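Novice: What follows is a single structure, and I will ask about it in a moment.
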Amino acid sequence: MSFSPGRTSDNVYLVVVDAAGYSSIVRHNPLDRAAHAFDLLRERVVARVHDTAADLGCARSDLWSWRGDGGMLAVHDGSESVARDVALTSARQVLRVDLPEVRDALRHTEFRGELHLRIAVHKGTVTYAPDDRPGAIHSPVINLAAHLEELTPPDCLAISAAVHRVAGPHASAFELVGEYEGSGVHLMTPSGSAQDAHRAWLTKAGLAGGVPVFAQPERPSQLEKLRLVRAARTEVIDYGTALRTLSGYLTTAERPAHYRDTVLDFLGRGGLFRCVLLDPTCATTATLSEYRGENIADKIRNSVRAFARFKQRHGEVTENLHVYQTRAFPGFAAIAVDLNSDDPMILYSPYLMAMKTHDIHVEHGDSPHYLATTASGRLLTQLTALLRSALEPGTLERVM
């Protein structure tokens, strides 16, 4: 028995399935082989839901949509517990039985890569499309189900709080791991371990209240960093301790000199490039030199001399390259793009202050780097305020 066009049904269980790593599979396999893998997946998922529905006498179980690597199925019965059992039993069996069997079948072909699945189950009131096109429905229930699937870690099954409240005998298999759009998220992993569920969720979703940043395990390459300069409209600020990397980019004898050419182009279109480094004579520099076992004052002076050579070699176009010194230890390095605009970007790196010993020494370039944008919300606001405070005219001395 199918859903009727235009009919509103309560307690419809939506099972959303998606193949994690779709783009990697398509990239490493001929299209026909990748299509075969996803066709096989679809067949197993749909058959599992339909067969479970038939076994339990469920009135309705329909495939509402499937787009290549995943889709949505709807399950409904006059007895909610029947629909619940069909949705949760079939979802668990897809992960425990069907997915391993599909993987095993693909191993006997020339398929490259590993197939992973994310499955989410949510329930609510849904009005079936009046023109018999389920893909045209945009109810909050469907939206939350789809978004919940996107947050689900690979090879896991997530259910909403609405489902968990009535999960009955299934509830103990799930662990409350977080929240999304006001709904608790309960997760089941292949191991069934509560600890594994929490680990999987944190790996995928992070801590509550987290904001998006783009993380690099170490200093980005020259070619990546110059993309920030290309994105700048009016101002770039490079803020750090000695700015050896920047001064080296600007005075390198290597060709092509990608970063230098990009900075010259930026200056040529009227941009302001501000370099801020420590005062070599201040107490902070002396303390850092002792702590790290290196002559930071000489490195600062070498950078200043390099900036002078750069300006001398390239003449008037470098008029808007300004060099400043500060007596306040920054504690981090940063490249800020259009800091005073409505949409600044800041690449920053908190210094890892390991002492220089025979055991370990962490160079600044080995420190993680993070790119904060407007998507980073309050984090970008805090970084912007911190940099603006550190760049107040009274805290800096212009030396070039």
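Novice: Return P(r) of the stretch 61-210 (all Cα-Cα pairs; 10 Å bins starting at 0; whole %; ordered from short to long distances).
Specialist: 10, 39, 35, 14, 1
Novice: Residue separation times 0.36 nm, minus the C-alpha to C-alpha distance between residue 23 and residue 59: what's the value?
Specialist: 9.3 nm
Novice: Between residue 67 and residue 319, how many nm apart are label points set 7 Å from Cα along the C-beta direction?
Specialist: 5.3
Novice: While we're looking at this one, here's another question. Between residue 171 and residue 305, what is 0.36 nm times their sequence separation minus the Cα-Cα distance? Round to one decimal in nm. Write out the running numbers ahead of the final one.
Specialist: Values: separation 134, 0.36 × 134 = 48.24 nm, distance 6.79 nm.
Extra length available between residue 171 and residue 305 comes to 41.5 nm.
Novice: While we're here: Consider just the alpha-carbon atoms of the stretch 294-345 and return their Rg together with their Dmax, both in angstrom.
Specialist: 14.1, 40
Novice: Another question, if that's okay. Can you list residues from other chains, or at least 5 along the same chain, whose modelled amide H is less than 5 Å from the amide H of residue 399?
Specialist: 323, 324, 325
Novice: How big, in percent, is the set of alpha carbon pairs in the stretch 141-188 lying more than 15 Å apart?
Specialist: Details: 402 of 1128 pairs.
Roughly 36 percent, rounded to a whole number.
Novice: Further question on the same structure: How many nm separate the modelled label positions at residue 284 and residue 385, each set 7 Å beyond the Cα in the direction of the Cβ?
Specialist: Reported label-point gap for residue 284 and residue 385 is 2.0 nm.
Novice: Hey, another quick one. Residue 179 to residue 139: FRET efficiency via 1/(1 + (r/R0)^6), r the Cβ-Cβ distance, R0 22 Å, to the nearest 0.05? Walk me through the numbers before you get to the answer.
Specialist: Values: r = 21 Å, r/R0 = 0.94.
Efficiency at R0 = 22 Å is approximately 0.60.
Novice: Taking R0 as 56 Å, what FRET efficiency do you get between residue 272 and residue 79 from their Cβ-Cβ distance, rounded to the nearest 0.05?
Specialist: Values: r = 70 Å, r/R0 = 1.25.
The value I calculate is 0.20.
Novice: Oh, and also: Can you give the angle from 0 to 90° between the axis of helix 296-314 and the longest principal axis of the chain, with both taken from C-alpha atoms, to the nearest 10?
Specialist: 80
Novice: For the pair residue 150 and residue 378, how long in nm is the line joining their label points, each one 7 Å along Cα→Cβ?
Specialist: 2.3
Novice: Something else: Across the chain, how many lysine pairs separated by 8 or more positions, or lying on different chains, have Cα atoms within less than 22 Å?
Specialist: Details: 225/299; 225/311; 299/311; 299/356.
Number of lysine pairs found: 4.
Novice: So what is the 222 nm mean residue ellipticity for the chain from helices alone, if each DSSP H run of at least 4 adds -39500 (n - 2.57) and you divide by all residues, rounding to the nearest 500 deg cm²/dmol? Before the final figure, lay out each step's value.
Specialist: Values: 13 runs with 156 residues, N = 400.
Computed mean residue ellipticity for the chain: -12000 deg cm²/dmol.
Novice: May I have the convex hull volume per residue, in Å³, for the Cα set of the chain? Before the final figure, lay out each step's value.
Specialist: On the way: hull volume 81.4 nm³, N = 400.
Given the Cα convex hull of the chain, per-residue volume reads 204 Å³.
Novice: So, for the chain, what is the accessible surface per residue at a probe of 1.4 Å, expressed in square angstrom?
Specialist: 48
Novice: Can I ask one more? Need the full-extension length gain, residue 254 to residue 366, defined as separation in residues times 0.36 nm minus the C-alpha distance. One decimal, nm. Kindly include the intermediate steps, with their values, before the conclusion.
Specialist: Values: separation 112, 0.36 × 112 = 40.32 nm, distance 2.29 nm.
Additional length available on full extension: 38.0 nm.
Novice: Separate question: For residue 235, which sequence-distant residues (separation of 5 or more, or a different chain) have an amide H within less than 5 Å of its own amide H, given hydrogens modelled in the peptide plane?
Specialist: 272, 338
The values are calculated or read from the model by the stated rules, or taken from the named source; none is laboratory data. Please read these numbers as outputs of a predicted model, since none were measured by experiment. Every residue, glycine as well, gets a Cβ built from its backbone with ideal geometry; the counts of neighbours run over all protein chains shown. For the accessible areas, the whole protein counts, side chains as well, though only heavy atoms, and no ligand, DNA or RNA atoms are used. Shrake-Rupley method; radii C 1.70, N 1.55, O 1.52, S 1.80 Å.
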